[in-house]
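To keep things clear, I will list the structure first and then write my remarks on it.
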Amino acid sequence: MSGAGGGPARGRLAVVGGGIAGVTCAEQLAAEFPSEDIFLITASPVIKAVTNFKQVSKTLEEFDVEEQPSSLLEKRYPNIKVIQSGVKQLKSDEHKIYTEDGKEYIYEKLCLCAGAKPKLIVEGNPYVLGIRDTDSAQAFQKNLAQAERIVVVGNGGIALELVYEIQGCEVIWAIKDKAIGNTFFDAGAAEFLIPKLTAESRETPIECKRTKYTVEGSEERGRPTAASDKLGSALGPDWHEGLHLKGTKEFSHKVHIEILCEVKKIHLQQEFIQLQRTSLTFPNGEKNVEPDEVLWPVYVELTNGKIYGCNFIVSATGVVPNVEPFLDGNNFAVGEDGGLKVDKHMHTSLPDVYAAGDICTAAWEPSPVWHQMRLWTQARQMGWYAAKCMAADALGESIDMDFSFELFAHITKFFNYKVVVLGKYNAQGLGADHELMLRCTKGHEYVKVVMQNGRMMGAVLIGETDLEETFENLILNQMDLSAYGEDLLNPDIDIEDYFD
């Protein structure tokens, strides 16, 4: 395998990154090339493996993610050689990778799956914690045990779940949007979920009527991202399972949401005292907010002028593709979001270098109902498809775009509700030219459909609606549904009977 005298090791195929994309890619390559050694270069001693994979429908899939020692992967695929070291440098013109431990590897084809790292609001502040995986969630729990008040910044899935799970601690939640959880939902879904944030007991379902409304203004939303880790392993929907997220106070949920604002500055206690400004107590619904008498370790100044003291700040503000070690000396085309641009065969702009998962930016002309989002499901699909493309290229065959890129489809859980999002579920990129239809039963289910010219473009399903396969088909086949009008969501009409 390696040259005599400890020269560089050679392998036809190498993968960088031990997260879902990298591991899935390596496994698929190992299966496609059983007599070749596959190098998997990863900085972490554990890899992320997909377990309990279930194809729920044509495009929806469910699976668990498990951290495993890399030896287990080598047992499953004896031709995968795991190299535990970070990448120091890539010399793409020489087809060479230099690792931190001083070794070099020569590849014929390479797939970069180094993931993304959390966007921290400030680097190097001991009171600011980035949350991105189970390890940081444990560290977070240790800190929370002593905390009386925390500030959570960010409005993605992780912030949402975090705020829901925290008990016995005051939470000031700063979001830059008008409504919570805009990564996955709109204001309507947020309203449906908010009672859960403060609920002490189960409410009885109340039917809220079906409505149809058009958009108040065509706001182009930026592309949301899921949180993800330095070593390329992202947090999934169940990361907080088994963690006791309880602070010091005896009450249950105490959450105050500050909307349409971001963090302007963070002041340590001494700096705050010198500022001679007033910080606020936890708002308890009254109009006049009291100045705070307590001295806190750290203070957050928001862009809306308010200052709150707290024990620490949780930064859950999305991710930045982890491209650092690969850019130097290589002329990669990079997307606006900082990822390595890939074409429809997961090829970067450099010969024989592919990329998949959070590190890459889909630069092909996407299907009208698919968009990239940095989620585990897409990391798995991209890793698998990248391996297929590498194999096809190596064998000189052609390959069709994988079906999973036809329709954006994601299944997760929020606040213990099953949540399915399909297509342009937040009308991403549709402009003002669309309408929404809603059906909602408080405490039970929330169904939202995005329609354009009589065709279904996207949907959000919260609760056990059993509509995902029907809606998936309606979005995929772009059937004209104008004739059904609002009956499309009539609970007394079994919509499936129409469209089987």
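Structure data summary
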{"item": "For peptides 80-92, 346-358, 392-404, sequence by mean Cβ density within 10 Å, most packed first", "result": "346-358, 80-92, 392-404"}
{"item": "For Glu36, solvent-accessible area (1.4 Å; no DNA, RNA or ligand), Å²", "result": "40 Å²"}
{"item": "Cα gyration tensor shape for the range 416-498, rounded if a/c is under 1.5, else prolate or oblate", "result": "oblate"}
{"item": "Evaluated at q = 0.10, 0.20, 0.21, 0.22 Å⁻¹: base-10 log I(q)/I(0), Debye formula over Cα of the range 346-490", "result": "-0.42, -1.19, -1.27, -1.35"}
{"item": "Accessible carbon and sulfur surface of the range 416-498 relative to its total accessible area, %, 1.4 Å", "result": "40 percent"}
{"item": "In sequence order, calculated HN-Hα J values of the range 346-351 (Karplus, 6.51, -1.76, 1.60; Hz; x Gly/Pro)", "result": "6, 7, 6, 7, 9, x"}
{"item": "Where the range 304-367 is the region considered: accessible area per residue in Å², 1.4 Å probe", "result": "36 Å²"}
{"item": "Cross-link pairs beyond the 26 Å C-alpha cut-off, checked among Lys54/Lys424; Lys54/Lys96; Lys109/Lys341", "result": "Lys54/Lys96"}
{"item": "Cα-centre dipole for the range 416-498 with unit charges at Cβ (Lys and Arg positive, Asp and Glu negative), debye to 20", "result": "480 debye"}
{"item": "Those lysines that a straight Cα-Cα span of less than 20 Å connects to Lys264, excepting residues fewer than 8 apart in one chain", "result": "Lys119, Lys176, Lys178, Lys306"}
{"item": "The range 416-498, accessible area per residue, ligands and nucleic acids excluded (1.4 Å, Å²)", "result": "38 Å²"}
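The values are calculated or read from the model by the stated rules, or taken from the named source; none is laboratory data. In this text, all values refer to a predicted model and were calculated from it rather than measured experimentally. In this analysis, Cβ positions are derived from the backbone assuming ideal geometry, glycine residues included, and neighbour counts consider all displayed protein chains. Ligands, DNA and RNA are excluded from the accessible area calculation, which covers all protein heavy atoms including side chains. Shrake-Rupley method; radii C 1.70, N 1.55, O 1.52, S 1.80 Å.
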